[in-house]
Number of protein chains: 2
Amino acid sequence: MTDIRMIEAAAARLDGHVRKTPLLTSPFLDDLAGRQVFVKAECLQHTGSFKFRGGWSAISALSDQARARGVMAYSSGNHAQGVALAAKRHGVAATILMPADAPALKIANTRFYGAEVITYDRETESREEIGEAIAAERGLTLIRPYDEPLVIAGQGTCGLEIAAQAHAADAGIRDVLVCCGGGGLTAGIALALEARAPDLRVRPVEPDGFDDTARSLQTGTRQRNAKMAGSICDAIVTPEPGEITFPTLRRLCGPGIVVSDDEVLRAMALAYQRLKIVVEPGGAVALAAALFHPDAAEGDAVLAVATGGNCDPAIFARALATLDA
Amino acid sequence: MTDIRMIEAAAARLDGHVRKTPLLTSPFLDDLAGRQVFVKAECLQHTGSFKFRGGWSAISALSDQARARGVMAYSSGNHAQGVALAAKRHGVAATILMPADAPALKIANTRFYGAEVITYDRETESREEIGEAIAAERGLTLIRPYDEPLVIAGQGTCGLEIAAQAHAADAGIRDVLVCCGGGGLTAGIALALEARAPDLRVRPVEPDGFDDTARSLQTGTRQRNAKMAGSICDAIVTPEPGEITFPTLRRLCGPGIVVSDDEVLRAMALAYQRLKIVVEPGGAVALAAALFHPDAAEGDAVLAVATGGNCDPAIFARALATLDA
């Protein structure tokens, strides 16, 4: 499993290739939340989400032989783009399995980053089965989106930055709120903070109705979501917490926080209006928790990770419309 | 007049109080422009624009007696907010003169930052006359938006960052495109680059129909705009280049570049989609020039300053609508 040495090794491989994303603040958000709110703007990362870190970490650790054969990933969005660009910059061929009904722009972006895109039918086919079959047949290294120690190590580099930035801010941050899907970023940040900022505690945040991690942390065993569709936060909807990530979450994280779609849209609008950043719904749940569930957090200040900004313009327009209310 | 020593002194006073804004890139924008495009995301500055730099520079240089009396500024938007927050953080009272028909949100923001807002009638009254009368009556220090050496020095600190970031990128940047109103930022950056990065050249960018600076540079004397209203880029529409700023622009800048409103909206949409930042129309003219007038610039790479992000949601929605075309 991933440990702090793996995360620091990943940080060394990522140095000069990923952005150290800024910590943003606004007195308007502080006023709303009743405490200082720090936003880690990971939407400004290459490819528009933290997933580039994990992709770079996994690919940069491959042997020359494995690089020559290429990599494979399945994803409908951010992981696809993160792996595709990281592969391109390493001169490694990438094959990405995407649902045939994924937004045309996401497929086009992934192709633009140089990947071969293969589509599958989300209704009748299993991406895991197809992905593993193609990877085995072609000798490709499969890069799983979260149940993969090197990917978790890459996401953990975000946690190293948070540890340094939170200490430099010296504002009494206690809780670090992280948008949580399969738990790769959440586990990576928690491991980094355990070693480098044990005064900070990670809290996973999920959308209402897709709170598998919150329920799993409550019961102590992995719980599944009743459904997989119907959330505007599609980027962070997974069937259940990861097999590798959950034990770390259980050991290191505080209770999960659950937010509504309406709170997510309002958080996106406030990020637009007060921070001048574009955040997608799945990337805004942590900020929504910081702003609209202040009682759920502790400390004089709180940090929320804005994990991605790849947002459909129609959804963004819905978020902007909340500003008139 | 402002010189490099004044800019470096301002940088020392600003250190730890302003954000060092990131230089962002996207392979999609490079592909569109035909060369690498670097975007200095000054919209991520406190108060959402570079104006906070000039406000901080001017207020931090005041004597204790002047601080005790307070400061005055006239502005319909970004300069008002920049001065108001800088004053608040210095514990200095700020009085801001704003047009009575300014957007309610801008007036509310300026008040939130602790300033006393006085309104005037844009049609029948002169803000310069009223501002100077109130300042004289109350003993306030007037902070002019661009014809003020300390303000130019503050904006010049953005140029010091550009010099360091452009050299670190080592990508063959030649032209630095700057959104230009009265010329405070343009002059400040040009002075900083003259001393710290003489291989870079500033090019002022303006919207079509409000190209007073481009025409002034062409003729060698200050030219006025035929009109003051009717541009979506209201933040950078001024009657003519500044009296103090223009000689610096004439000495140091390359020819001006003029862009259309449609190009501005498309640049805002691409900044949303590819960089995940919110840029207002007046803050997007330089990026529009980099993307849609590539023949106007020289070098293997170009740098555009995204000067502000305080954008009315209705205008932002118009920009997003260009993505479907």
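Let me test this: with uniform point scatterers at the alpha carbons of segment B:71-124, what is the Debye-based log₁₀ I(q)/I(0) at q = 0.16, 0.29 1/Å?
The Debye formula, applied to the Cα set alone, gives -0.37, -1.11.
Taking only C-alpha pairs under 8 Å that are 6+ residues apart, what is the relative contact order of segment B:94-223 in percent? Spell out each step's value before the answer.
Numbers: 144 pairs, mean separation 22.5, N = 130.
Relative contact order comes out at 17 percent.
Given H placed on each backbone N at 1.01 Å, which residues far from B:Tyr120 in sequence or on other chains put an amide H within less than 5 Å of it?
B:Met98, B:Ala100
Please report the spacing between the Cα centers of segment B:199-237 and segment A:123-153 in Å, no decimals.
That distance is 55 Å.
With a point put 7 Å past each Cα toward its Cβ, work out how far A:Glu132 is from B:Ala66 in nm, to one decimal.
Going by the 7 Å Cα→Cβ label model, 7.2 nm.
Regarding segment A:263-311, what is the average projected area of its C-alpha convex hull, in nm²?
3.2
Counting only other residues whose beta carbon sits under 12 Å from that of A:Gly254, what net charge do I get with K and R as +1, D and E as -1?
On the way: positive: A:Arg174, A:Arg201, A:Arg203, A:Arg250, A:Arg251; negative: A:Asp175, A:Glu298.
So the environment of A:Gly254 carries a net charge of +3.
Over all directions, average the projected area of the Cα convex hull of segment A:52-142 and note it in nm².
Taking a quarter of the hull surface, the average projection is 5.1 nm².
Amide H to amide H, which residues 5 or more places from B:Lys40 or on other chains are under 5 Å from it, using H placed in the peptide plane?
For B:Lys40, whose amide H was placed from the backbone, the distant partners under 5 Å are B:Leu24, B:Ala304, B:Val305, B:Ala306.
Determine by what factor the alpha-carbon radius of gyration of segment B:237-280 differs from 2.2 N^0.38 Å, reporting the quotient.
Ratio of Cα Rg to 2.2 N^0.38 Å: 1.58.
Where Lys and Arg each count +1 and Asp and Glu each count -1, what net charge lies around A:Ala284 among other residues with Cβ under 14 Å from its Cβ? Present the calculation step by step, with values, prior to reporting the outcome.
Working: positive: A:Lys40, A:Arg266, A:Arg274, A:Arg318, B:Lys276; negative: A:Glu42, A:Glu206, A:Asp208, A:Asp234, A:Asp261, A:Asp262, A:Glu263, A:Glu280, A:Asp312.
Net charge in that neighbourhood comes out at -4.
Based on the mean of other beta carbon atoms within 10 Å per residue, what is the order of B:167-174, A:192-199, most packed first?
A:192-199, B:167-174
With label points built 7 Å along Cα→Cβ from the Cα atoms of B:Lys227 and A:Asp121, find their separation and express it in nm.
The answer from the label model is 5.8 nm.
For segment A:47-113, what's the relative contact order in percent, using C-alpha pairs closer than 8 Å and at least 6 residues apart?
On the way: 95 pairs, mean separation 24.1, N = 67.
With pairs under 8 Å counted, the relative contact order is 36 percent.
Give me the aspartates and glutamates in straight-line cross-link reach of A:Lys88: C-alpha distance below 12 Å, same-chain residues under 8 apart excluded.
A:Glu116
Can you compute 3J(HN,Hα) from phi for each residue in segment A:63-78, using the Karplus curve 6.51 cos²θ - 1.76 cosθ + 1.60 with θ = phi - 60°, rounded to whole Hz and x for Gly and Pro?
Per residue, the Karplus-derived 3J(HN,Hα) values read 5, 4, 5, 5, 4, 5, 7, x, 10, 9, 8, 10, 5, 9, x, 5 Hz.
Taking beta carbons within 10 Å but only from partner chains, what does the mean come to for residues A:17-25?
2
Need one value for B:270-280: mean number of C-beta atoms belonging to other chains within 10 Å of its residues' C-beta atoms. Kindly include the intermediate steps, with their values, before the conclusion.
Working: counts 0, 1, 6, 9, 4, 6, 18, 8, 8, 1, 1.
That works out to 6 on average.
Using the C-alpha atoms of segment B:182-227, what convex hull volume per residue, in cubic angstrom, is computed?
Details: hull volume 3.8 nm³, N = 46.
Per residue, the Cα convex hull of segment B:182-227 comes to 82 Å³.
Can you give the mean number of other chain Cβ atoms that lie within 10 Å of the Cβ atoms in peptide A:27-37?
Mean inter-chain Cβ contacts per residue within 10 Å come to 1.
Tally Lys and Arg at +1 and Asp and Glu at -1 over the other residues with C-beta under 14 Å from the C-beta of A:Asn225: what net charge comes out? Walk me through the numbers on the way to the answer.
On the way: positive: A:Arg215, A:Arg222, A:Arg224, A:Lys227; negative: A:Glu206, A:Asp208, A:Asp211, A:Asp212, A:Asp234, A:Glu240.
Cβ neighbours under 14 Å give a net charge of -2.
How about segment B:3-68: which chymotrypsin sites (Phe, Trp or Tyr not before Pro) there lie in a loop by DSSP and see at most 16 other Cβ atoms within 10 Å?
Numbers: sites: B:Phe28, B:Phe38, B:Phe50, B:Phe52, B:Trp56; in loops: B:Phe50.
Passing both the DSSP loop test and the Cβ count: no residue.
Across chain B, how large is the tail of the calculated P(r) beyond 31 Å, expressed as a percent of all Cα pairs?
The calculated P(r) of chain B puts 24 percent of pairs beyond 31 Å.
Any chance you could list P(r) for the protein assembly as shown, counting all Cα-Cα pairs in 10 angstrom bins from zero, rounded to whole %?
Whole-percent P(r) values from 0 Å outward: 3, 16, 27, 25, 17, 8, 3, 0, 0.
The numbers here are math on the coordinates, done by the rules we state, and not lab data. Every value quoted in this text rests on a predicted model; they were computed, and no experiment measured them. Counting neighbours? That spans all protein chains shown, and the Cβs are built from the backbone with ideal geometry, glycine included.
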